[in-house]
Amino acid sequence: MNNLKKLGLAVAGSTLVASSAYAGALDVSGNAKISMKSADDDEVTGNSFSMDKGIKFTGSGDLDNGMSVSYLYKMSDSSHTSSNVLIDMGDAGVAGVGRGNSGAGIRTVRYALPTAGEEVWDDVDTDDNGIVGTGDTNALYYSNTYGGVSFSGSYHKDDDTEKSFALTYSGLMDGLTVGYGGAEVGSTQDQMTVFVKYTMGGLTVAYQQAELDNAGATADEDADGMAVSFAVNESLSVSYGVWDVDMGTGVDEESSGVSASYTSGGMTIGLVSNATDNVAGGTSNEDTFKEVSVSFAF
């Protein structure tokens, strides 16, 4: 009798699993990258060759109430980099919990300037000055569109409550997108960014400003930047950009960079050359970064 009960439970369990799998889908994708990097001559960089790899799981399924749920989990070099669980409620918007990558709220517009490779300040040094963004480990996400205006918000409860939002609108004229973001990082910092971007054919140009207002005696950061990218054809793209940060003390930190990418099928060849003068406002601090990479998507 006990064996019959076990068999019945096994059959019921199999039925439930099959039904659940039928209701949704899980997709797996990945990437691999081989890079050769170089920095300043006076810096010890060790082996200039490196490799990166990542794997991403995405799943989705429909609920009985007409809503749908989606799931993302991304790993890079065996470490968790981003994930989210989102519920699409139709006209009521999308809500959920997530962390990492572009996230939600002000993180979605933290750097709106176009690039064919890396941001002009990226990988040059460890100071990403003038860049807005709030914590988002297990943050609440919400997004919706109201009359053509896209809204994205985040709420992160930790030692300090961090909350942010972003608004974007593309209805003023063909090819033009404007955006605004704001954030409060507890009682320590207020953030703001605004940008305008215009695309015509393969050409994209953009301008962005950002402000990070710190409480107390800590110096504020005011940044502005411009960038242009051009898609020569379906495979080749190039870009150039600048990003200047007023650190409140000393001189301005000035970053500039050139990027190019060529894609053939699942393979992309990338070139990046970035430089930053007066890192963190120090007149004797200068850093450069160059990279040649080959990446594969599968």
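The condition (being of a type in the set (G, A, S) and within 20 Å of the chain's Cα centre (by Cα)) is satisfied by just one residue among G225, G265: G225. Within region 202-245, the set of residues being surrounded by fewer than 22 Cβ atoms within 10 Å (Cβ to Cβ), out of contact with any Lys or Arg (no Cβ under 9 Å at 6 or more places or on another chain) and either of a type in the set (F, W, Y) or within 19 Å of T188 (Cα to Cα) (or both) comprises E211, D213, N214, A215, G216, A217, T218, A219, D220, D222, F230, Y240. When S35, S76, S83 are screened for being modelled with pLDDT under 90, surrounded by 10 or more Cβ atoms within 10 Å (Cβ to Cβ) and among the polar types (S, T, N, Q), only S76 passes.
Say we look at region 131-163 and pick out the residues that are of a type in the set (G, A, S) and touching a His at 6+ places or on another chain (Cβ under 9 Å); which of these is surrounded by the fewest Cβ atoms within 10 Å (Cβ to Cβ)?
Ranking the candidates gives G135 first.
T199: in a strand (DSSP E or B), modelled with pLDDT of 95 or more, surrounded by 14 or more Cβ atoms within 10 Å (Cβ to Cβ) and over 17 Å from the mean Cα position of the chain (by Cα), yes or no? Yes: the conditions hold for T199.
For region 185-204, enumerate the residues that are touching a residue at least 40 places away in the same chain (Cβ under 8 Å) and either touching a Phe, Trp or Tyr at 6+ places or on another chain (Cβ under 9 Å) or basic (K, R) (or both). Even if it seems obvious, please write down each step before you answer.
In the first step, residues of region 185-204 are kept if they are touching a residue at least 40 places away in the same chain (Cβ under 8 Å); the result is 185, 191-193, 195, 197, 204.
M192, T193, F195, K197, T204 - these are the residues of region 185-204 that are touching a residue at least 40 places away in the same chain (Cβ under 8 Å) and either touching a Phe, Trp or Tyr at 6+ places or on another chain (Cβ under 9 Å) or basic (K, R) (or both).
Just one of the listed residues (D127, D123, D174) is without any contact (Cβ under 8 Å) to a residue 12 or more places away in the chain and either more than 15 Å from the chain's Cα centre (by Cα) or closer than 30 Å to D252 by Cβ (or both), namely D174.
Just to be sure before I move on: is E254 of a type outside the set (F, W, Y), modelled with pLDDT under 95 and in contact with a Gly (Cβ under 6 Å, 6 or more places away or on another chain) in the structure I sent?
Details: of a type outside the set (F, W, Y): yes; modelled with pLDDT under 95: yes; in contact with a Gly (Cβ under 6 Å, 6 or more places away or on another chain): no.
In short, no.
Would you check which residues across region 237-268 are more than 23 Å from S35 (Cα to Cα) and not in a strand (DSSP E or B) and list them? So that I can check it myself, show each step before the final result.
Of region 237-268, the ones more than 23 Å from S35 (Cα to Cα) are 242-254.
Passing the criteria: M247, G248, T249, G250, V251, D252.
All of (1) part of a strand (DSSP E or B); (2) among the acidic types (D, E); (3) under 28 Å from I34 (Cβ atoms) hold for E234 with one exception: (1). Close Cβ contacts (under 6 Å, 6 or more residues apart or on different chains) running from residues in region 271-298 that are modelled with pLDDT under 90 and among the acidic types (D, E) to residues that are surrounded by 15 or more Cβ atoms within 10 Å (Cβ to Cβ) and part of a loop (DSSP other than H, G, I, E, B) comprise D287/V124; D287/D125.
Return a yes/no flag: does region 107-123 have any residue that is crowded, with 21+ Cβ neighbours inside 10 Å, modelled with pLDDT of 95 or more, more than 19 Å from G225 (Cα to Cα) and of a type outside the set (D, E). No, region 107-123 contains no residue that is crowded, with 21+ Cβ neighbours inside 10 Å, modelled with pLDDT of 95 or more, more than 19 Å from G225 (Cα to Cα) and of a type outside the set (D, E).
The values are calculated or read from the model by the stated rules, or taken from the named source; none is laboratory data. A quick note: this is a predicted structure, and the numbers were derived from the prediction, not measured. FYI the Cβ positions are ideal-geometry reconstructions off the backbone, even for glycines, and counts take in every protein chain you see.
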